[in-house]
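Written out below as structure tokens is the structure these notes cover.
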Amino acid sequence: MMRVFLIIAAIVSALSFLGFMLMLGIHIPSFGMWFYNWQFNANDTYNVVNMYPEHLHEVTRHMLSYLRGREDVLQIYTMVGGQYRPFFSHIEILHMVDVRAMARASIILRNVFGLLFVASFVPFVALRFKVKRVFGYLFKAWRWVSAGIFALLGIFAIIVSINWMRAWVAFHEIFFNNEYWLLNPYEDLLINIVPHQFFLSLSIFVGIFFGVSLILLFMAGFFLKKLLPQRGGLRLP
């Protein structure tokens with residue numbers, strides 16, 4: 001039973017670390033003004049929406065604060081095409097209610113993964129002098145789980161790359177139970193500040209960040225096994 005418990009704890013450690021890094025990889029660009037500034041320049045967004053950079057940056061910062069739960073109201077008034085007007089349309093506001101719920105849930109999930117990762121170390125530290133090679137279970141799980149998910153991620157990346165737009169539509173059909181996400185680029189400004197190219201760049205960033213996390217976990221499981229003394233007491237059957 002002890003052996004089974006350690007195997008489960010080791011797998012939880014690997015999965016919770018990767019879950020935390022996946023959420024972190026999504027949050028770094030999604031909540032970072034640096035990423036929006038980069039994309040605004042890359043996609044010529046200022047000219048597309050006919051706004052000065054300082055006005056669009058103010059709107060973006062307000063939107064990010066709303067998504068993180070720091071603002072209660074999404075709507076903001078600003079200058080667009082020389083006119084002082086509300087930035088978000090009614091359908092955009094309805095859509096962002098769902099996006100905000102997902103964003104806040106992802107923050108909670110990130111924190112839960114972080115706590116699970118820390119907690120998963122407890123049995124290994126507690127048994128380090130009682131069970132021989134106890135950390136071997138942990139490092140082996142890191143290697144096998146990271147290698148397995150890396151292979152699955154490669155297959156997923158190939159499938160998505162075949163038809164990115166279909167995958168994007170499928171994502172919305174799964175996570176949204178309404179059609180509020182179907183925005184009109186000729187009427188809704190939101191789809192123009194975060195167009196298709198924005199989300200493609202975001203996906204590439206997340207994919208690279210998560211891929212590096214997988215490699216780091218695998219390398220940690222490989223090298224720590226050699227560096228950390230594997231002393232202990234009883235050898236489990």
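In this simple spin-label model, placing a label point 7 Å from the Cα along the Cα-to-Cβ direction at both F175 and I208 gives a separation of 2.1 nm.
Kindly provide the helix-only [θ] at 222 nm of the chain, computed as the sum of -39,500 (n - 2.57) over DSSP H runs of four or more divided by all residues, to the nearest 500 deg cm²/dmol? Walk me through the numbers before you get to the answer.
Working: 10 runs with 171 residues, N = 237.
Calculated mean residue ellipticity at 222 nm is -24000 deg cm²/dmol.
Model label sites at D44 and R85, defined 7 Å from Cα along the beta-carbon direction, differ in position by 2.1 nm. For the options I158, I108, I93, a Gaussian network treatment of the chain with springs between C-alpha atoms closer than 10 Å singles out I158 as fluctuating the most.
Annotation note: chymotrypsin sites (Phe, Trp or Tyr not before Pro) in region 14-121 located in DSSP loop regions with a Cβ neighbour count of at most 16 within 10 Å are F31, F121. Going through (1) 76, 38, 32; (2) 61, 41, 36; (3) 54, 43, 37, the figure that equals Cα extents along the principal axes in Å as computed for the structure here is (1). Out of region 128-237, which chymotrypsin sites (Phe, Trp or Tyr not before Pro) are coil in DSSP terms and have no more than 13 other C-beta atoms within 10 Å? The qualifying sites are F129, Y186. Helix check for the chain. Which DSSP H runs span at least 24 Å along their own axis by Cα, with a mean Kyte-Doolittle hydropathy no less than 0.5? Helices meeting the criterion: 2-30, 90-119, 134-162, 196-227. Taking each residue as 0.36 nm, the span from N37 to M1 lengthens on full extension beyond its C-alpha to C-alpha distance by 7.6 nm. Each of I108 and Y186 was given a label point 7 Å from its Cα along the Cα-to-Cβ line. The distance between the two points is 4.1 nm. Rolled with a 1.4 Å probe across the full set of protein chains, the surface gives E54 an accessible area near 110 Å².
In region 136-186, what percent of the accessible surface is made up of carbon and sulfur (1.4 Å probe, ligands and nucleic acids excluded)? Walk me through the numbers on the way to the answer.
Details: 2500 of 3540 Å².
Ligands and nucleic acids excluded, carbon and sulfur give 71 percent.
Computed from phi, the 3J(HN,Hα) profile of region 68-75 under the Karplus parametrisation 6.51, -1.76, 1.60 (θ = phi - 60°) reads 8, x, 8, 10, 8, 10, 7, 4 Hz, with x in place of Gly and Pro. Region 17-67 and region 82-152 have Cα centres spaced 21 Å apart. Residues H57, H27, ordered by accessible area of protein heavy atoms at a 1.4 angstrom probe radius and largest first, appear as H57, H27. Per-residue SASA remark: M2, around 80 Å² accessible (1.4 Å probe; ligands, DNA and RNA not included). Solvent exposure of region 79-237, expressed per residue, is 62 Å² of accessible area, with all protein chains present and a 1.4 angstrom probe.
Which residue fluctuates the most in the chain, going by a Gaussian network model with Cα springs under 10 Å, if the choices are Q83, Q197, Q75? Its mean-square fluctuation being the largest, the pick is Q83.
The amide H of T78, built 1.01 Å from its N in the peptide plane, has R85, F87 as neighbours under 5 Å, considering only residues 5 or more places off or on other chains.
Computed from the Cβ-Cβ distance with R0 of 30 Å, the FRET efficiency linking A220 to R166 stands at 0.25.
In what sequence, largest accessible area first, do R166, R143, R128 appear using a 1.4 Å probe? Please list the in-between numbers first.
On the way: R166 120, R143 45, R128 95 Å².
The residues order as R166, R128, R143, largest area first.
The values are calculated or read from the model by the stated rules, or taken from the named source; none is laboratory data. Predicted model only: the values in this text are computed from it and were never measured. All Cβ positions, glycine included, derive from the backbone under ideal geometry; neighbour counts span all protein chains shown. The protein model used for the area step is the full one, side chains on, heavy atoms only, and it has no ligands, DNA or RNA in it. Shrake-Rupley method; radii C 1.70, N 1.55, O 1.52, S 1.80 Å.
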